[in-house]
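**Student:** Next up is a structure, given as structure tokens.
Laboratory data are not the source of any read-out in this text; all were calculated from the coordinates shown. From a predicted model like this one, the values you see are computed outputs, not experimental measurements. So basically every Cβ, Gly included, is an ideal-geometry build from the backbone, and we count neighbours across all protein chains shown.
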Amino acid sequence: MYTSQVLSGMGSLTTRSNMMKKIMITAALTACVAVVTAQTVTSANVVGYSKATLKTGFNMVRMPFVNGTNGIPLQEVFDTSVLSQGSSAANSDNILLWDNAGTQYISYYLTDGSTKATSGKAGKWVTNAGALAADIAYPDTGFFFTRFGVDVEVIMAGEVVQTSTSTLILDDGFNMVANPFTSEWDLNSANIDWIAEGAVAGASAAVADGINLWDVDNTQYVSYYLTDGSTKATSGKAGKWVDNSGALMPNSVGINQGFFYSRVIGAGTAAIDIAQPYNLD
């Protein structure tokens, strides 16, 4: 479902930065897939692109690239010409952002500009009242994309995150998050000590921090919790993400994939420091 390519070397994240690159990204797709228009990214840093298939219904995604040290405006994340535009949220593609503070979703739909409130805004993300979305998409934040039409492949492009360390802020309760770097994310990798960084481990999902990934094919969540290794099934796995049977989380989180992080209520805000997982020298 998710593929990626860092351009300049065509296939490796180990590449030269500090070189002016003007990359024309063109996807030549077969007749059974929607055509994706060319996107150009001009930057003095390492640039790249990733492909994602947005399936009919719910998709939990994220923008894996940045613009310098800034995020990408929500209006620029997707080529909206290949998406479903409509006169209301009921007949168009939708985006839902999770508001941690308000514990609610902020929703937008892709307008076709056919109403009085959306005149001149065709192909833009707007509120139900027709106001333009001004949100910025950051790599460490996931969001829901509700696809109204048939499955479609999209390309996201920008600069590869180049900071050496990034901090993931996790509040009590639900957080919709993602990898702060431009790569897939093995949550059980040895370079993240979740317990030392303040995540709550426990003997079961009821008393530990948890994560919920959306399985778009089976339209359900797949859940894991951070074990303290105190049970027979989790012995030797302290600080690792496991399912309810004690089995280790088997796959990495995709480069374009967001997920819910459920922080134990009352544990307080955690600041998880994550080291850059690739070499850009």
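**Student:** Tally up the residues in the range 239-268 that are within 21 Å of the chain's Cα centre (by Cα), of a type in the set (S, T, N, Q) and exposed (fewer than 15 other Cβ atoms within 10 Å of the Cβ), please.
**Tutor:** Count: 1.
**Student:** Here is a follow-up. When you go through (1) within 19 Å of ASN212 (Cα to Cα); (2) outside any strand (DSSP E or B) one by one for PRO277, which number turns out not to apply?
**Tutor:** The failed condition is (1).
**Student:** Looking at the range 209-238, which of the residues that are in contact with a strand residue (DSSP E or B) (Cβ under 6 Å, 6 or more places away or on another chain), within 22 Å of VAL61 (Cα to Cα) and among the β-branched types (Val, Ile, Thr) is surrounded by the fewest Cβ atoms within 10 Å (Cβ to Cβ)?
**Tutor:** VAL222
**Student:** Do you know which residues across the range 73-104 are in a loop (DSSP other than H, G, I, E, B) and touching a strand residue (DSSP E or B) at 6+ places or on another chain (Cβ under 8 Å)?
**Tutor:** Selection gives VAL77, PHE78, ASP79, LEU83, SER84, GLN85, SER87, SER88, SER92, ASP93, ASN100, THR103.
**Student:** Sticking with this structure for a sec: Would you check which residues across the range 101-132 are buried (at least 18 other Cβ atoms within 10 Å of the Cβ) and either polar (S, T, N, Q) or over 15 Å from GLY86 (Cβ atoms) (or both) and list them?
**Tutor:** Selection gives THR111, THR118.
**Student:** Where in the range 105-223 are there strands (runs of 3 or more DSSP E), lying fully within it, with 3 or more residues that are more than 17 Å from PHE78 (Cα to Cα)?
**Tutor:** Per the criteria, 165-170, 173-177, 210-215.
**Student:** Here is a list: SER166, SER204, SER183, SER235. Which entry is out of contact with any Ser or Thr (no Cβ under 7 Å at 6 or more places or on another chain) and within 25 Å of ALA101 (Cβ to Cβ)?
**Tutor:** Selected residue: SER166, the only one of SER166, SER204, SER183, SER235 that is out of contact with any Ser or Thr (no Cβ under 7 Å at 6 or more places or on another chain) and within 25 Å of ALA101 (Cβ to Cβ).
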